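Got a structure for you, questions after.
The values are calculated or read from the model by the stated rules, or taken from the named source; none is laboratory data. No experiment lies behind these values; they were computed from the predicted model shown. Note that each Cβ is placed from the backbone with ideal geometry, even for glycine, and that neighbours are counted across all protein chains shown.
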């Protein structure tokens, strides 16, 4: 596996170390990468059951949820596409091979993570395909306690959750799980329409074994299952239908690390399987299934030349993916049973000399179904004085064609294109940082360009296919981010992002503004504790953005209004073991849509109890 979670310390020390900014864990203030971290304390105090609204709090992160909670959710980072985010869950690559290699954000229950880490910008020279917009890592810790909670509230919501960890001599184990459900709202809003709810189960575990002082072996596993009701289309018009999707994503991984005085050796492997079924009024419409087997090895060497410290890394990765699809119609003509193989070699060189830190990476990805790719990444961090530092970096990214892009086939509407090339991106960024005691602040500007974008092409016979666009999509923006530990019991973080994202499919096309990407966005969050009270609150600003309305003919581009999404949680600790809490979501009762035509929940309230069962 590319990431080894045994390298992470327990919270609250966790935010000082980041695991995705480079191929080895690195101090956050000694990397030029643009990184944001949300730790376990903040996750607990904010109390969100799904991670969707937590992800909204990261800078330059646009969330498009197609209806109420549990509905299909797309995340676009720095204006990239929805399948341009690479997701790791406890070190396992978790993008769904049966759903276009996109992360399944609607399935990510909050119990999957004790910590979220987001590295923004192209990172394929480190982690390979899909790392164009950024890399998001969900990790767990060894907290040596047990707790359980129950919660209920508006829209038929109910939740049960628990987690714990144990340590016995050379073995440490942690586990967590949660189940939640809601009856939801009618996402279409037709008179007399039925409610569209969801069910979600999330489980994870991590076991570390230290048979000898330089050796650590690990076992990781996770499972997510979801069922979501939604409104689809009837006679080419969106209607209050009885559509249901059932999804399952499960993975298991093993890893090992041997550490010497100057050498570190890492190795691992994982198996991920996914299954997705779409039903209408209880009958199967179509189903997809995917699997990914991954193996990796990494060799690290630390050396010094005079006053310069170097870290050299060579990594080998390989994976095989399988995809199956079946449709209820067309007599099996649309069925797919495909596979592909991929290998990669990565080299990284990091050097530190007093106030200067440099990092250079190069990676070669070798595919058996389409063109190979080489990506580069270089960065520099300069400490200007005790408080100020400046950063600059250049990075490249790729995203491989999906199985459906390559081979999908619906006789009346779509034909795949097996000659596709991977999408390619490159970008530059520069930043200025200030850190002094409990205060930190940063400002970053960036520019990226996407070429060979995979787009739909409409044919003369009214069918469509896919092709690599000849034009260039461009993204540019500004991020301002800060945090302040005002007291031992209160911390505040805030950010603002400006984005200009445009698309031009060919030289003859006009440049158009990209859809579902707000130009202005931002958030503020706080959490803390005072005597017997603990609290957390957040507010996310989502500016106006464009979308396409297909309910009219011809389809029209419309503007979705901006909104403020506020939430808060307040808990009273009865004693050292029990707490009672209340939570409110969409506190301002905003009537908003992330996707044109799909309603979202208004103001809601919840209450619950949590018990701590260990020391």
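Which condition number in (1) more than 30 Å from residue 71 (Cβ to Cβ); (2) touching a residue at least 40 places away in the same chain (Cβ under 8 Å); (3) more than 24 Å from the chain's Cα centre (by Cα) is the one that residue 282 fails?
Here residue 282 clears every test but (1).
Considering every residue within region 401-416, establish whether at least one is surrounded by fewer than 14 Cβ atoms within 10 Å (Cβ to Cβ) and at pLDDT 95 or above.
Looking for residues that are surrounded by fewer than 14 Cβ atoms within 10 Å (Cβ to Cβ) and at pLDDT 95 or above, one finds none in region 401-416, hence no.
Of the residues that sit in region 129-151 and are crowded, with 24+ Cβ neighbours inside 10 Å and in a loop (DSSP other than H, G, I, E, B), which one is modelled with the lowest pLDDT?
Only one residue fits best here, namely 140.
Is it fair to say residue 557 is surrounded by fewer than 17 Cβ atoms within 10 Å (Cβ to Cβ), touching a strand residue (DSSP E or B) at 6+ places or on another chain (Cβ under 6 Å) and more than 22 Å from residue 75 (Cβ to Cβ)?
When the stated conditions are applied, residue 557 does not pass them.
Which of the residues belonging to region 320-331 are without any contact (Cβ under 8 Å) to a residue 40 or more places away in the chain and under 19 Å from residue 406 (Cβ atoms)?
The answer is 320, and nothing else.
Could you check region 429-440 and list, in sequence order, the residues that are surrounded by fewer than 16 Cβ atoms within 10 Å (Cβ to Cβ) and touching a strand residue (DSSP E or B) at 6+ places or on another chain (Cβ under 6 Å)?
430, 432, 434, 438, 439
Looking only at region 456-463, decide whether some residue is part of a strand (DSSP E or B), buried (at least 17 other Cβ atoms within 10 Å of the Cβ) and touching a strand residue (DSSP E or B) at 6+ places or on another chain (Cβ under 7 Å).
No: zero hits.
Still on this structure, I have one more. Would you confirm, using the coordinates I've provided, whether residue 301 is assigned to a strand (DSSP E or B) and closer than 20 Å to residue 362 by Cα?
Criteria met by residue 301.
Does region 352-370 hold any residues that are in a loop (DSSP other than H, G, I, E, B) and loosely packed, with under 14 Cβ neighbours inside 10 Å, and which are they?
Result: 354, 355, 368.
For region 409-418, does any single residue satisfy the condition of being closer than 15 Å to residue 123 by Cα, in contact with a strand residue (DSSP E or B) (Cβ under 7 Å, 6 or more places away or on another chain) and assigned to a strand (DSSP E or B)?
no
Ok, one more. Based on this model, can you work out whether residue 433 counts as part of a strand (DSSP E or B) and free of Cβ contacts under 8 Å to residues at least 40 places away in the same chain?
Against the criterion (part of a strand (DSSP E or B) and free of Cβ contacts under 8 Å to residues at least 40 places away in the same chain), residue 433 does not qualify.
If you go through region 329-345 one residue at a time, do you hit one that is surrounded by 15 or more Cβ atoms within 10 Å (Cβ to Cβ) and part of a loop (DSSP other than H, G, I, E, B)?
Among the residues of region 329-345, at least one is surrounded by 15 or more Cβ atoms within 10 Å (Cβ to Cβ) and part of a loop (DSSP other than H, G, I, E, B), which makes the answer yes.
If we keep just the residues of region 102-113 that are touching a strand residue (DSSP E or B) at 6+ places or on another chain (Cβ under 6 Å) and outside any strand (DSSP E or B), which is farthest from residue 426 (Cα to Cα)?
Filtering region 102-113 for residues that are touching a strand residue (DSSP E or B) at 6+ places or on another chain (Cβ under 6 Å) and outside any strand (DSSP E or B), the one farthest from residue 426 (Cα to Cα) comes out as 111.
Just checking, does region 476-494 include any residue being farther than 30 Å from residue 566 by Cβ and modelled with pLDDT of 95 or more?
No: zero hits.
In region 481-519, how many are in contact (Cβ under 8 Å) with a residue 12 or more places away in the chain, in contact with a strand residue (DSSP E or B) (Cβ under 8 Å, 6 or more places away or on another chain) and farther than 30 Å from residue 437 by Cβ?
Of the residues in region 481-519, 14 are in contact (Cβ under 8 Å) with a residue 12 or more places away in the chain, in contact with a strand residue (DSSP E or B) (Cβ under 8 Å, 6 or more places away or on another chain) and farther than 30 Å from residue 437 by Cβ.
If you check residue 312 against the conditions, is it at pLDDT 95 or above, in contact with a strand residue (DSSP E or B) (Cβ under 7 Å, 6 or more places away or on another chain) and either more than 28 Å from residue 104 (Cα to Cα) or not in a strand (DSSP E or B) (or both)?
yes
When you scan region 203-211, do you find a residue that is free of Cβ contacts under 8 Å to residues at least 60 places away in the same chain, over 24 Å from residue 50 (Cα atoms) and not in a strand (DSSP E or B), even just one?
No - not one qualifying residue is present in region 203-211.
Return yes or no: is residue 580 at pLDDT 95 or above and within 17 Å of residue 44 (Cα to Cα)?
So residue 580 fits the description; yes.
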